[in-house]
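Have a look at the structure below before the remarks.
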Amino acid sequence: MREQNAVLSTKTQENISGMRVVKAFAREDYEKEAFRKENREVLRLNLKVSYVWSDFVPVLDFLGSLCTPALMSLGAYMVVNGQLTLGVLVSFTNYVWMITGPMRNLGGVVNMLAMASTSAEKLFRYIDLGTSIKDKPVTRVPEKFRGHVVFDHVTFSYGDGVVLKDVSLDARPGQTIALMGATGSGKTSIINLMARFYECQKGTVSIDGVDVKDMPLQALRDRIGIVMQETFLFSETIGNNIAFGRPDLPQENIEAAAQAAQAGDFVADLPQGYETIVGERGLGLSGGQKQRVAIARALAYDPTILVLDDATSAVDMETEHEIQQHLQKQMKDRTTFIIAHRISSVQKADEILVLEHGCVAERGTHAQLLERKGLYYNMYLDQYRDFAAMEGQVS
């Protein structure tokens with residue numbers, strides 16, 4: 001019954017979170033029927049529990065209730081015949097009630113043990129599983145975090161599938177490195193390895209000369225600010241979301257980070273400004289607004305290494321240009337990694353890496369890659385072909 005309740009709760013949570021998707025595909029009837037199916041299974045199991053109780057609870061109650069008149073009858077006979085005193089009979093009567101009470105509670109205990117066993121099985125499985133990435137007994141940190149990131153012939157795979165193969169890069173402090181490539185080419189995996197969400201099988205990932213595997217996780221991630229590909233906001237105020245990494249951040253710093261991310265104007269237009277509750281997962285904001293708040297959160301964190309994972313995919317071109325203009329100032333003293341599909345997002349990077357099937361197929365500046373007329377050049381044509389045709393540059 002507990003396991004089925006978990007299934008029903010999961011189904012309910014998915015339907016509430018994915019309500020717009022369900023409505024967009026007109027699948028309300030299907031999801032309702034799926035919910036009814038799981039709900040009927042919960043009903044069936046609850047009835048089964050009731051049937052089990054009906055088998056032994058009446059028996060226990062009958063036996064417990066039968067003891068009292070049997071004892072009283074026998075005791076009365078023995079008192080009349082002088083074989084027992086009245087005080088002893090009263091004492092034994094109390095003892096009987098002390099025995100029948102636990103007998104009556106036995107059914108509840110059995111039920112609680114069954115529920116506890118089911119829950120404990122899952123709980124201990126997750127506790128035993130733990131985290132696969134832990135701090136080493138002896139760790140070390142760079143003398144000074146400058147943001148010099150080096151990938152030295154790194155290979156990484158999920159199970160049997162190789163995601164990155166013999167990848168090398170050298171991002172010096174203050175440089176901007178752009179990562180481009182088709183979906184699934186391994187762009188986000190590079191960031192995951194740098195922040196040590198995963199660990200590579202071959203090669204090393206180091207920051208300021210120290211292998212990330214030798215660094216404390218807290219110290220490592222405290223210097224990396226990431227704007228995730230899938231924007232997540234807490235059901236909190238906009239101000240608290242921006243200051244999530246630095247809870248003691250002054251209000252003026254929060255507003256400065258919002259302005260740098262081009263979020264200040266729309267926040268100011270909200271009835272409660274920075275005190276506006278965004279709702280679960282940022283439901284009260286548009287996709288572009290959520291991304292701008294996420295960028296502001298990363299900037300407010302004041303990281304040595306800034307990661308923008310497709311951070312402006314949901315904003316319009318004009319807003320993206322304004323964000324980039326402001327980010328240029330923020331990126332001067334930071335090592336920045338930009339993952340993007342738009343050429344406009346990466347063309348000012350110090351080095352652009354084009355990934356294909358987990359390998360670095362091309363690398364260089366925007367101008368250098370255009371001259372080679374390879375993968376990057378084809379991406380450029382795909383995105384600017386119509387504009388170029390209008391200018392007479394492409395037939």
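The values are calculated or read from the model by the stated rules, or taken from the named source; none is laboratory data. Keep in mind the model is a prediction, meaning the values are calculated, not measured. As a convention, Cβ positions derive from the backbone with ideal geometry for all residues, glycine included, and neighbour counts pool all protein chains shown.
Identify all residues within the stretch 98-111 that are touching a Gly at 6+ places or on another chain (Cβ under 9 Å) and among the hydrophobic types (A, V, I, L, M, F, W, C); write none if there are none. Don't jump to the end; show me each part of the working.
In the first step, residues of the stretch 98-111 are kept if they are touching a Gly at 6+ places or on another chain (Cβ under 9 Å); the result is 99-101, 103-104.
Listed by number, the residues that qualify are Ile99, Met103.
Of the conditions (1) more than 26 Å from the chain's Cα centre (by Cα); (2) crowded, with 20+ Cβ neighbours inside 10 Å; (3) among the small types (Gly, Ala, Ser); (4) closer than 24 Å to Gly287 by Cα, Ala349 clears all except one; give me its number.
Of the numbered conditions (1) more than 26 Å from the chain's Cα centre (by Cα); (2) crowded, with 20+ Cβ neighbours inside 10 Å; (3) among the small types (Gly, Ala, Ser); (4) closer than 24 Å to Gly287 by Cα, the odd one out for Ala349 is (4).
Being at pLDDT 90 or above, farther than 16 Å from Ala340 by Cβ and surrounded by 14 or more Cβ atoms within 10 Å (Cβ to Cβ) is true for just one of Gly374, Gly364, Gly358. Which residue is that?
Working: Gly374 fails: at pLDDT 90 or above; Gly358 fails: at pLDDT 90 or above.
On inspection, the qualifying residue turns out to be Gly364.
For Val79, all conditions in the list (1) farther than 25 Å from Gly101 by Cα; (2) among the β-branched types (Val, Ile, Thr); (3) modelled with pLDDT under 85 hold save one; what is the number of the exception?
(3)
Whether any residue in the stretch 231-241 is under 29 Å from Arg363 (Cα atoms), buried (at least 19 other Cβ atoms within 10 Å of the Cβ) and either of a type in the set (A, V, I, L, M) or in the same structural domain as Ile338 (by TED's automatic domain parsing) (or both) is what I want to check. Working first, answer last.
Within the stretch 231-241, the subset under 29 Å from Arg363 (Cα atoms) is 231.
After this cut, where a residue has to be buried (at least 19 other Cβ atoms within 10 Å of the Cβ) as well, the list is 231.
Subset that is either of a type in the set (A, V, I, L, M) or in the same structural domain as Ile338 (by TED's automatic domain parsing) (or both): 231.
The answer is yes; a qualifying residue exists.
Give the residues of the stretch 149-165 that are of a type outside the set (Phe, Trp, Tyr) and touching a Phe, Trp or Tyr at 6+ places or on another chain (Cβ under 7 Å), sorted by residue number.
Step one: list which residues in the stretch 149-165 are of a type outside the set (Phe, Trp, Tyr), which gives 149-150, 152-155, 157, 159-165.
Residues satisfying the conditions are Val163, Leu164.
Look at Ser206 and say whether it is hydroxyl-bearing (Ser, Thr, Tyr) and either crowded, with 20+ Cβ neighbours inside 10 Å or out of contact with any strand residue (DSSP E or B) (no Cβ under 9 Å at 6 or more places or on another chain) (or both).
On the way: hydroxyl-bearing (Ser, Thr, Tyr): yes; either crowded, with 20+ Cβ neighbours inside 10 Å or out of contact with any strand residue (DSSP E or B) (no Cβ under 9 Å at 6 or more places or on another chain) (or both): no.
So Ser206 fails the test.
Hey, Ser117 hits all of (1) of a type in the set (Gly, Ala, Ser); (2) assigned by TED's automatic domain parsing to the domain that holds Val354; (3) at pLDDT below 90 but one; which does it fall short on?
Every condition holds for Ser117 apart from (2).
Looking only at residues that are of a type in the set (Ser, Thr, Tyr) and assigned to a helix (DSSP H, G or I) in the stretch 74-100, which one is surrounded by the most Cβ atoms within 10 Å (Cβ to Cβ)? Working first, answer last.
In the first step, residues of the stretch 74-100 are kept if they are of a type in the set (Ser, Thr, Tyr); the result is 77, 85, 91, 93, 95, 100.
If we keep only those that are assigned to a helix (DSSP H, G or I) as well, we get 77, 91, 93, 95, 100.
On the way: Tyr77: 11, Ser91: 11, Thr93: 15, Tyr95: 11, Thr100: 18.
The qualifying residue surrounded by the most Cβ atoms within 10 Å (Cβ to Cβ) is Thr100.
Condition (residue is out of contact with any Gly (no Cβ under 7 Å at 6 or more places or on another chain), surrounded by 13 or more Cβ atoms within 10 Å (Cβ to Cβ), at pLDDT below 80 and among the charged types (D, E, K, R)) applied to the stretch 54-73: is it met by at least one residue?
Looking through the stretch 54-73, at least one residue is out of contact with any Gly (no Cβ under 7 Å at 6 or more places or on another chain), surrounded by 13 or more Cβ atoms within 10 Å (Cβ to Cβ), at pLDDT below 80 and among the charged types (D, E, K, R).
Search the stretch 260-295 for residues being in a helix (DSSP H, G or I) and at positive phi, and hand back the single one that is modelled with the highest pLDDT. Let's see the steps before the verdict.
To start, the set of residues in the stretch 260-295 that are in a helix (DSSP H, G or I) comprises 260, 264-269, 273-275, 280-282, 287-295.
Next, from what is left, pick out any that are at positive phi: 273, 281-282.
Numbers: Gly273: 87, Arg281: 64, Gly282: 63.
Result: Gly273.
If you check every pair at least six apart or on different chains, which have Cβ atoms under 9 Å apart with a residue in the stretch 242-262 that is under 13 Å from Lys329 (Cα atoms) and not assigned by TED's automatic domain parsing to the domain that holds Leu299 first and a residue that is surrounded by fewer than 23 Cβ atoms within 10 Å (Cβ to Cβ) and at pLDDT 90 or above second?
Going by the 9 Å Cβ cut-off, there are no qualifying pairs.
Here is a check on your reading of the model: is Ile133 outside any helix (DSSP H, G or I), out of contact with any Cys (no Cβ under 7 Å at 6 or more places or on another chain) and either not hydroxyl-bearing (Ser, Thr, Tyr) or not assigned by TED's automatic domain parsing to the domain that holds Phe62 (or both)?
Criteria met by Ile133.
Search the stretch 207-247 for residues being small (Gly, Ala, Ser) and assigned to a loop (DSSP other than H, G, I, E, B), and hand back the single one that is modelled with the lowest pLDDT.
Of the residues in the stretch 207-247, the ones small (Gly, Ala, Ser) are 209, 219, 225, 235, 239, 243, 245.
So of that shortlist, the ones also assigned to a loop (DSSP other than H, G, I, E, B) come out as 209, 235, 243, 245.
Working: Gly209: 89, Ser235: 81, Ala243: 90, Gly245: 86.
Restricting to residues being small (Gly, Ala, Ser) and assigned to a loop (DSSP other than H, G, I, E, B), the top hit is Ser235.
Taking into account only those residues within the stretch 101-137 that are under 30 Å from Ala219 (Cβ atoms) and more than 23 Å from the chain's Cα centre (by Cα), which is surrounded by the fewest Cβ atoms within 10 Å (Cβ to Cβ)?
Just the residues of the stretch 101-137 that are under 30 Å from Ala219 (Cβ atoms), to begin with: 126-137.
Remaining after also requiring more than 23 Å from the chain's Cα centre (by Cα): 136-137.
Numbers: Lys136: 10, Pro137: 5.
The selected residue is Pro137.
Within the stretch 295-343, how many residues turn out to be in contact with a Phe, Trp or Tyr (Cβ under 8 Å, 6 or more places away or on another chain), polar (S, T, N, Q) and closer than 14 Å to Ala261 by Cβ?
0
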